[in-house]
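To start, the structure under review is shown below, and the notes come after it.
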Amino acid sequence: MKRRRAIFGVYIFFLVFTIFAYQWPVTANAKSTMVAQGDLLPAPLEPQLSKDEKTLRYGTPLKAVIRDPSPSEGPRRIPAPAWMKDLPEEAAASTISITYIPNGGTDLWDEPCYTFPQAAKDVFEAAARIWENTLKSSVPITIRACWADLGSSSTLGYSGGGNQYRDFSGAPRASTWYVESLANALHGSDLDPSKWDMHITYNQNFDWYYGTDGNTPATQMDLMTVVLHEICHGLNFSGLAEYSGGYGRIGYGSGSPNIYDVFMKDGAGTLLINYTDAYTGSTALGTALTSNDLWFHGSKAMAANGGPRVKMYAPSAWSGGSSYSHLDYQTFNNTPNELMVYAVSSGESVHDPGVITNGLLQDLGWQPAGVTPPPPPPPCCPSVPLGPLMILLSDESTTPPPPPPPSCPAIPNGNFESGAVSWNQYSSNGWDLIGEWPVVAGHSGTWYTWLGGDYDDTSYIDQNVTVPASCPYLVFYHYIASEDYCGYDNGFVRISAQAVETIELCSDKNTGGWVKKSIDLSSYADQSVSIQFRVETDGSLNSNWFIDDVSFQASASAGLVAEPVPLKVNSAAQTKTKKALMKGR
């Protein structure tokens, strides 16, 4: 694949033009990207916007991982889950295809490539298998990999340069860029099969450890850790923030953020995309990008972090290959979530992406693989010694007692008391859906789901489960509070994208409290399905649909025994919009 320097006619052929904003300052060293330790990476590729303005060619920024300049004492080893490594290939939820650039070829930045060692290829494939069993995609993820002499004693590898897409069919958020691998997964097919999703280059000038067991000698660098790290950047663990001459900018002048940028806030809680002139250049944004006070506010990443927001790497000296697109080094180094800090130490092996990184990727739009570890063996109970004689006494009846009702498996976090754990949540207007809301009291606890609550909003929660044959009834409690007329706002219960129940959300259908609802899913018995609660609203007259205590039961009448009196806490607020109720919170 040729770089797009020098030949203007090629630009015309591909119907693209260079993104340009006259007020964006360019410093003298802008032809190279600085990484945290001071090495210069190749010149960033200049993004090109397609004529239909839906493709940002070369839009994925160049990101690097370096050798830790201040390593901690002693080896740190975080293994991949053993059950994941032992899964057969056919169990993977996605496919990663790797093309190794042959000796004499060049990477996307014109860096010469050398023969990729077979041992290094084996490590690459092993790292890819971990990601294949972590995230779900029906579209193969493609990588073009280079084994290069980077002339650096600190840069272990870098990645970037892939296309980004916005406003494609399946995009969860309008006017928002997604990297190619994620866009394809959301779209359901490859948006441009002629392009690789990721371009990754590794530096051959290190004493690499080619094992996959994590037992990296103290003097060697663990290649598998570095491969996992750079693939993660290609999965959208990076945003479109730039810094130059004291100014900050998002989106390369395209007027749109990347989905990663949508979740980034400063220390005061202000979204970076809401800064004045965020898309054209702002000194205030430049200050925030170098404040050591940037935070990721995705609900799944925060839940994985125990509730608090997630601190990101934002050193006072901007480092283009490291800043903004890594977890904060001081916070997460030497923890189980350290894979995505900017630096790796010799002797260190990190083969688990970590729950925070997995949560962050799910916030961006990735679906988890749904692969779960096998259950542990049952505990061994001590045997009960028999006495010399044991006599079974019975009553006069010969009729055996009725069998006990089946024990139904719980839907993970069906009462929402663990926050957003186990559930995917989405709102086209950017709202969190699972919380302790100041509208009504929860049915059995303090947490519940609030769907709707805004105009022109599509919102839903979902998770993948297996419908138990012995407990095929989906039972949940819902609460309708609407000021709309019937026929405009609707709620849906969907099983694997098929609506099995439609709920009219209108004032004539208001429940005045929590009401139990059951749906027979016998036709899905023993099948793995996606359960989704969904609301679609129009542009006026608000509707709220609250959901709590979702479970599987053996019959339609089973469930929580005690039906509470309808709870009308803050009853005046029950039909208010989220904007009205959240103002000032």
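The values are calculated or read from the model by the stated rules, or taken from the named source; none is laboratory data. Since the structure is predicted, the reported quantities are computational estimates derived from the model, not experimental observations. When we count neighbours, we look across all protein chains shown, and the Cβ atoms used for this are built from the backbone with ideal geometry, even at glycine.
A few points about this structure:
- For residue 222: the one exception among (1) at positive phi; (2) modelled with pLDDT of 95 or more: (1)
- Residues that are outside any strand (DSSP E or B), among the aliphatic types (A, V, I, L, M) and surrounded by 21 or more Cβ atoms within 10 Å (Cβ to Cβ), drawn from segment 263-285: 272, 273, 278, 285
- Residues in segment 337-359 that are touching a strand residue (DSSP E or B) at 6+ places or on another chain (Cβ under 9 Å) and in a helix (DSSP H, G or I): 338, 339, 340, 356, 357, 358, 359.
- Residue satisfying all of: in segment 422-449; among the β-branched types (Val, Ile, Thr) and modelled with pLDDT under 90; surrounded by the fewest Cβ atoms within 10 Å (Cβ to Cβ) among these: 446
- Whichever residue in segment 306-359 is over 25 Å from residue 81 (Cα atoms) and among the aliphatic types (A, V, I, L, M) and, among such residues, is surrounded by the fewest Cβ atoms within 10 Å (Cβ to Cβ): 317
- Strands (runs of 3 or more DSSP E) completely within segment 467-519 that count 2 or more residues being modelled with pLDDT under 90 and closer than 22 Å to residue 416 by Cα: none
Yes or no, residue by residue, for (1) touching an Asp or Glu at 6+ places or on another chain (Cβ under 8 Å); (2) without any contact (Cβ under 8 Å) to a residue 40 or more places away in the chain; (3) closer than 21 Å to residue 110 by Cα:
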site	(1), (2), (3)
125	no, yes, no
156	no, no, yes
159	yes, no, yes
165	yes, no, no
173	no, no, no
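- Just one of the numbered conditions (1) over 30 Å from residue 284 (Cβ atoms); (2) among the charged types (D, E, K, R); (3) at pLDDT 95 or above is not true of residue 213: (3).
- Of the candidates 178, 202, 252, the single residue that is outside any helix (DSSP H, G or I), modelled with pLDDT under 95 and in the same structural domain as residue 68 (by TED's automatic domain parsing) is 252.
- Checking every residue in segment 187-196 against the condition of being small (Gly, Ala, Ser), in contact (Cβ under 8 Å) with a residue 24 or more places away in the chain and over 19 Å from residue 126 (Cα atoms) gives at least one match.
- All of (1) crowded, with 23+ Cβ neighbours inside 10 Å; (2) within 17 Å of the chain's Cα centre (by Cα) hold for residue 187 with one exception: (1).
- Picking from residues in segment 73-91 that are of a type in the set (A, V, I, L, M, F, W, C) and modelled with pLDDT of 85 or more, the one that is surrounded by the fewest Cβ atoms within 10 Å (Cβ to Cβ) is 78.
- Checking each residue in segment 20-72 for being part of a loop (DSSP other than H, G, I, E, B), at pLDDT below 65, of a type in the set (Val, Ile, Thr) and surrounded by 20 or more Cβ atoms within 10 Å (Cβ to Cβ) picks out only 35.
- Breaking point among (1) closer than 23 Å to residue 496 by Cα; (2) of a type outside the set (D, E, K, R); (3) modelled with pLDDT under 90, for residue 407: (1)
- Scan of segment 289-305 for residues that are surrounded by fewer than 23 Cβ atoms within 10 Å (Cβ to Cβ) and over 14 Å from the mean Cα position of the chain (by Cα), ordered by number: 290, 291, 292, 293, 295
Listed here are the residues, each with its yes/no results for (1) modelled with pLDDT of 95 or more; (2) within 26 Å of residue 42 (Cβ to Cβ); (3) among the polar types (S, T, N, Q); (4) part of a loop (DSSP other than H, G, I, E, B).
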| site | (1), (2), (3), (4) |
| --- | --- |
| 231 | yes, yes, no, no |
| 287 | yes, no, yes, no |
| 307 | no, no, no, yes |
| 311 | yes, no, no, no |
| 319 | no, yes, yes, yes |
| 335 | no, no, yes, yes |
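- Top-ranked residue of segment 190-217 - restricted to ones that are within 22 Å of the chain's Cα centre (by Cα) and within 14 Å of residue 97 (Cα to Cα), ranked as surrounded by the fewest Cβ atoms within 10 Å (Cβ to Cβ): 190
- Residue among 459, 496, 470 that is crowded, with 23+ Cβ neighbours inside 10 Å, assigned by TED's automatic domain parsing to the domain that holds residue 577 and either over 25 Å from residue 527 (Cα atoms) or not hydrophobic (A, V, I, L, M, F, W, C) (or both): 459
- Taken over segment 234-249, the criterion of being in a loop (DSSP other than H, G, I, E, B) and over 27 Å from residue 144 (Cβ atoms) is satisfied by 245, 246.
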